[in-house]
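As structure tokens, the structure follows; a few thoughts come after it.
The values are calculated or read from the model by the stated rules, or taken from the named source; none is laboratory data. As the structure is a computational prediction, the values presented were derived from the model and not from experiment. Because the Cβ atoms are built from the backbone with ideal geometry, glycine has one as well, and the counts that use them run over all protein chains shown.
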Amino acid sequence: MALQALIEEVGPRNPFYRDRWSAAGLTARLVSLEEFRRRAPFTGRAELLADHAANPPYGTNLTYPLERYVRFCQTSGTSGAPMRWLDTPESWSWMVDNWTRVFRSCGVSATDRILFAFSFGPFLGFWTAFDAGVQLGALCLPGGGLTSSARLRMLIDNQVTVLCCTPTYALRLAEVATEQGVDLRRGSVRFLVLAGEPGAAIPETRARLEALWPGARAWDHHGMTEVGPVSFGCQARPGVLHILEHAFVAEIVDPETTEPVPRGSVGELVLTNLGRLGSPLVRYRTGDVVRAAPTEVCSCGRIELALEGGILGRWDDMVVVRGVNLYPAVVEGVLRRFPEVAEHRVEVRRDGALAEARVGVEPIPDCADPAALAQRVQDALRDEFHLRIPVTLVPPGSLPRFELKARRWSSLTGA
């Protein structure tokens, strides 16, 4: 069993887990998965950050001598301080194999041409995706260090069939195409493989993407630098993500009690990666808000854990405004109903324990009636949340465009 092999390999060698597991009475002689869940302690991000701070530069979650490690990555820092992560060749190969399965689940094959439209920084996801595309036998085009215009030309000139990027950047690239008079209906893109933030799992965002990229189907995927590629989109049910359960032990728990939640209830995703032995995470509390499908067998025939709506948000992203829970993905879903909205931002103003939200929308340049658009968006937000959220207009072109994870929410203090 992969879990048994993980514990046998990591337990005696990994300083980060060795003492924790010993104190919890977790040994290599596991009787059952239930025993693992009863004995193995959770791993939290705060513990990892503290370990990195106390043992710079890489922390102690290293199963082997440093000479065994060949790949360096770093978290984006969008949920706190960035963490450095090292991988052995074997761990890297395991993650590339997982990404290859993600591509195959979308229908990507050796006959495709994949444009990776992002700058190749220290983040994990796109490096493993690029290696997976090569392993699959597809023609892989790196789009690092290029402007959006140059990437668009590369896409058209090379008859790219798969665009791999964040959902936000797929929207931006389509916007650039419109500005430059490029008709994407004449293009050859048939798949948008999206990662980095919620996108194709949000029905309204998926509809907007597929309208802007005619003939292409939008596919979602999610992963984390800390754990690697995690999920892939369902063939039968858009908006559903399947966990790669051959590679992970997945749990969904109540974030307050850490007890398992019933199927169909919202909880926090907890992951154990089974093949990243060089720098493993065991029972890692991801902070991601998810909901398991109520039935064990999906309509597509798969038995891998199905997450309805994909990643619904993050517990630390949720904002409570006058007793109402606001998640960025849900707010985005409302705004994407309006094709006249080019971009948006949300400001959360806190005064002590109280929080208020307001939304700024940037209309597309040829919006016929911006004031009416703002009112319609405000009405839609009120209908969705039963809450008045003021909506204001900002000038066209004034909001930033993002290549990687979008940062549309900001927090202010004071009245």
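Each row is one residue, and each column tells you yes or no for (1) more than 18 Å from residue 204 (Cβ to Cβ); (2) surrounded by fewer than 18 Cβ atoms within 10 Å (Cβ to Cβ); (3) in contact with a Ser or Thr (Cβ under 6 Å, 6 or more places away or on another chain).
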residue	(1), (2), (3)
349	yes, yes, no
355	yes, yes, no
363	no, no, no
375	yes, yes, no
384	no, yes, no
389	no, no, no
392	yes, yes, no
396	yes, yes, no
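Annotation: of all residues in region 345-361 being more than 15 Å from residue 406 (Cα to Cα) and of a type in the set (D, E, K, R), the one that is modelled with the lowest pLDDT is 351. If you filter region 299-339 down to residues that are in a strand (DSSP E or B) and modelled with pLDDT of 90 or more, you find that the one that is surrounded by the fewest Cβ atoms within 10 Å (Cβ to Cβ) is 308. Residue check: residue 350 meets all listed conditions (1) basic (Lys, Arg); (2) over 26 Å from the mean Cα position of the chain (by Cα); (3) in a loop (DSSP other than H, G, I, E, B) but one, namely (3).
Criterion first (surrounded by fewer than 18 Cβ atoms within 10 Å (Cβ to Cβ), over 13 Å from the mean Cα position of the chain (by Cα), not β-branched (Val, Ile, Thr) and not assigned by TED's automatic domain parsing to the domain that holds residue 14) does residue 236 satisfy it?
Taking the combined requirement at face value, the residue satisfies it.
Taking residues in region 372-394 that are in contact (Cβ under 8 Å) with a residue 24 or more places away in the chain and within 20 Å of residue 342 (Cα to Cα), and partners anywhere that are surrounded by 13 or more Cβ atoms within 10 Å (Cβ to Cβ) and acidic (Asp, Glu), the pairs with Cβ atoms closer than 8 Å and at least 6 places apart or on different chains are 373/340; 393/362; 394/362. Is one or more of the residues making up region 122-135 among the small types (Gly, Ala, Ser), closer than 19 Å to residue 223 by Cα, modelled with pLDDT under 95 and surrounded by fewer than 16 Cβ atoms within 10 Å (Cβ to Cβ)? No, there is no match, as no residue in region 122-135 is among the small types (Gly, Ala, Ser), closer than 19 Å to residue 223 by Cα, modelled with pLDDT under 95 and surrounded by fewer than 16 Cβ atoms within 10 Å (Cβ to Cβ). With respect to the conditions (1) assigned to a loop (DSSP other than H, G, I, E, B); (2) assigned by TED's automatic domain parsing to the domain that holds residue 106, residue 205 falls short on a single one, namely (1). Looking across region 69-117, the residues that are at pLDDT 95 or above, charged (D, E, K, R) and under 30 Å from residue 316 (Cβ atoms) come down to 71, 87, 101.
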